[in-house]
Each structure stands twice: as C-alpha cells, then as structure tokens.
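Right, one structure below, let's go through it.
The values are calculated or read from the model by the stated rules, or taken from the named source; none is laboratory data. None of the values given here were measured: they were computed from a predicted structure. Glycine also receives a Cβ, built like all others from the backbone with ideal geometry; neighbour counts cover every protein chain displayed.
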Amino acid sequence: MTDAFQSCPVDKIASSTAHCDVASPVTLSSYVVAQHGYLVVVRALDEKDQYDEVECSDGVFRHIRKGDVLVGTLGGRQALKGYSGRVPRHISPGDTLNVLNLGGLIGECTASHPELGPALPVEVLGAVMVQRDDQWLHARIQENALEMVHQLDASVPLVAVSGTAMDTGKTEAACRIVEGLAEMGLRVGAAKLTGASLMRDVRRMREHGATAVATFTDAGIACTVEDAITPIAKGVIRHLNATETLDVIVAEMGDGFVGYYGVDDLLTDMELQSFIEAHVVAATDLAGAWAAEQTFRERYHTGITAITGPVTDNDVGRRYITQRLGVTALNALQQSTELVDEVVGALPDAVVPNEVGATIAGEAPSSNEELAVAS
C-alpha cells in the first residue's frame, strides 16, 4: 500500500458493490473518480426511521445508523416513487452526498419523495482501491462485467414481466411464475433487466426455483437511466443462455414501460420481441391497465398474455379488464396457478412437457371465463 492510501474499516458493504467482492477493511484513496459504477466510502451523517436500510453484499437488509461507514456505488436514479439523483461532476472527501436507494447507490439527491422524507445524507471519505497485477486501481462494478451484445442470435423463450410503474407487483408475479414453471419440471432462468441496483428481486426468484439468475448490475450498470439498455439486456440474456441448460427465462423489467429506465427501448426492440413468448403486465388501477393494452397493441404490436397487480385484487378490476379490454386478468397472489397456466399456454409446445400441456388443455374454464359468464 502506498503512502497515498490508508486502510479504512467499514460497517456495511452495499449489495450494489457485490460484483467487486470487497471486504472490510478497504483501501481508501482521497481521489474519487466521479463516474457511475465507481465505489465510494461514505459516513452516515444522520439516521432515519423510514427508508433507513441498505441491502448488504450478503443479502441482509441492515439499518444505517448515524456514524456508520458504508461502501456504496456511485449512480444516478430517476424514481417516481423514490429518490432521484445524479453523480456530481466532481467529488472530493468531505462532500455531502445521499443514499439514493436500498442497494446503496450514492449520488446527489435532486428530488425526494414526501412519503420517504429527505434522502439520508452521507459524507464522502474517499474511493475504494483494489490491487490487480501489482497495480492499485479504483474499484468499479464495470470490471469483469458481462459484455454488451448488440445482436442476440438465439435464446430460449422469454417471459417478460413489465408494469405501468414501480411498485405494481412485478417481482411478486415473476416469482410466482418462476415457481410454477419450476414445479412443472422446467429449468427456469431469471433476469432483472432494468432498474436501480438491488439484488433482492433476483435473489427472491432464485429462492422460488430459478436455477440461474442475472441482473444489469452484473453487466456493470448501477442504474439503467444512464446507459443504452438494449445491448446490456441482450448481454444478460446471452449470459443466462450460456450459463445453464434452460427451458425458459423469466425477465422482469423494473420501473414502468413509461419512464426513464429503458423498458420502452426493450419492448420496441424487434430482436428481443422475437424471443418473448409471453407478456405479463402489472398495473395498479384501471387507467394503467387501459394504457397498457393500448400501448402494447399500438406501439409494441403485440398482445398481453395477462394483466396482474393491484388492479386485479378483486373481481371488479378483473371483470373490466376481461370484458372491456379483452385481456386475461389474473391476480398473482390469489390466482398464481391460473397465471402460470396462462404463461405456459403461450410458450411453444416444445418447451412444455407433454403431460403438462395435456393437463392444462383439459382444465375447466379459467376464472376470467367464469367472470365473463357470470356477468
């Protein structure tokens, strides 16, 4: 270690840094590279009683106490229901920044949210240094990251789970679909293609039966608001196809297809569309469900396999979606079996075991059909 660096014990290492595999104590430099993906060490200047945790590199969420020293990742964010922020052009020790998300993204908060209170302020202590081949380098999540792919030549069928906004139940739906497909004997991969760095969602999908998982953070991206997301998503999908012998990949797209995170770019990419066999869309209300049906039909030129989310919590929403929009409506919590069956019905016959396909084909009418008759 040179005289310019110092050893710094840390209390918490955020999950957004996990790709770098750092441990306490870290080697600290006073020179900070003010760019997305670089690791910084900060000290909490305050303590909150809401949005007060960070997901650590071991997957555990821990409360951030005043004075805690945290390793996070520089990144921006544009969240409708959370904090928004950016990476300043210059960062020096002593500067005050903010924790922007639960994954430990660090940046300058430009817009808070009334339900969350002000973003937690942190003091910059310095940058994390790592030694490679007898050289000291600034740690960044881009090192050894998955390669971007501009052309995806092949893939197993994809099940896309998108939504009208964040917090509409996309991850819950994705987990139920992963679980149901895995219980049928399919080898399921899972991906998180857009959003702000947080490993919780793909960890949940692995717990529900996915044999291989990957996220945009594995491709060196802290948040998908800053980069061209399509080649990154294709790189994640190619990686999953190469990692395991899979039958299907369930791909969740964080945030909404209207927003800053790049979901619209993925859904308008014709090459990706050629591999997507099922579209599950989560919506909060009927206006969102109506907009989703219109958008998928007129802009993406494809149908929706099923609408889920809070709008399907009772039969009022499900009946409207089924009768007025002509789209299957199934609640991921209450009707997970029917939702999985709907997805299976959209997959190519070669993917689904013969006995499973025969069982689904011989089932009684779905709850949506029953609702239509009852009305």
Give me the pairs: first residue in segment 344-361 and small (Gly, Ala, Ser), second residue loosely packed, with under 13 Cβ neighbours inside 10 Å and at pLDDT 75 or above, beta-carbon distance under 7 Å, and six or more apart or on different chains, which are they? 357/349
Are any of the residues in segment 42-57 of a type in the set (Lys, Arg) and at pLDDT 95 or above? yes
Looking at 150, 90, 113, can you tell me which residue is of a type outside the set (A, V, I, L, M) and more than 25 Å from the chain's Cα centre (by Cα)? 90
Quick one: count up the residues across segment 182-197 that are buried (at least 24 other Cβ atoms within 10 Å of the Cβ) and over 25 Å from residue 263 (Cβ atoms). 0
Taking the residues in segment 256-306 that are within 19 Å of residue 195 (Cα to Cα) and hydroxyl-bearing (Ser, Thr, Tyr) as candidates, determine which candidate is nearest to the chain's Cα centre (by Cα). 261
Filtering segment 129-178 for residues that are over 20 Å from residue 222 (Cα atoms) and of a type in the set (Val, Ile, Thr) leaves a count of 7
Quick one: in segment 211-255, of everything that is under 12 Å from the mean Cα position of the chain (by Cα) and in a loop (DSSP other than H, G, I, E, B), which residue is surrounded by the most Cβ atoms within 10 Å (Cβ to Cβ)? 222
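Being free of Cβ contacts under 8 Å to residues at least 60 places away in the same chain and either in a loop (DSSP other than H, G, I, E, B) or among the charged types (D, E, K, R) (or both) is the filter here, so list the residues in segment 122-146 that pass it.
The first filter runs over segment 122-146 and keeps only residues free of Cβ contacts under 8 Å to residues at least 60 places away in the same chain, leaving 132-135, 137.
132, 133, 134 - these are the residues of segment 122-146 that are free of Cβ contacts under 8 Å to residues at least 60 places away in the same chain and either in a loop (DSSP other than H, G, I, E, B) or among the charged types (D, E, K, R) (or both).
Let me confirm something: among 332, 289, which residue is surrounded by 20 or more Cβ atoms within 10 Å (Cβ to Cβ), part of a helix (DSSP H, G or I), among the small types (Gly, Ala, Ser) and at pLDDT 95 or above? Before you say what the answer is, go through the steps one by one.
Working: 332 fails: part of a helix (DSSP H, G or I).
Going through 332, 289 in turn, the sole match is 289.
Kindly establish whether residue 149 is surrounded by fewer than 23 Cβ atoms within 10 Å (Cβ to Cβ) and either among the polar types (S, T, N, Q) or outside any loop (DSSP other than H, G, I, E, B) (or both).
Values: surrounded by fewer than 23 Cβ atoms within 10 Å (Cβ to Cβ): yes; either among the polar types (S, T, N, Q) or outside any loop (DSSP other than H, G, I, E, B) (or both): no.
Criteria not met by residue 149.
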Test result for residue 26, more than 18 Å from the chain's Cα centre (by Cα) and not assigned by TED's automatic domain parsing to the domain that holds residue 219: yes
Sole miss for residue 201 among (1) acidic (Asp, Glu); (2) under 13 Å from the mean Cα position of the chain (by Cα); (3) more than 22 Å from residue 57 (Cα to Cα) is condition (3)
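In the list 323, 294, which residue meets the criterion of being in contact with a helix residue (DSSP H, G or I) (Cβ under 8 Å, 6 or more places away or on another chain), surrounded by fewer than 20 Cβ atoms within 10 Å (Cβ to Cβ), part of a helix (DSSP H, G or I) and in the same structural domain as residue 236 (by TED's automatic domain parsing)? If you could, list the steps in order and put the result at the bottom.
On the way: 294 fails: in contact with a helix residue (DSSP H, G or I) (Cβ under 8 Å, 6 or more places away or on another chain).
Result: 323 is the single residue among 323, 294 that is in contact with a helix residue (DSSP H, G or I) (Cβ under 8 Å, 6 or more places away or on another chain), surrounded by fewer than 20 Cβ atoms within 10 Å (Cβ to Cβ), part of a helix (DSSP H, G or I) and in the same structural domain as residue 236 (by TED's automatic domain parsing).
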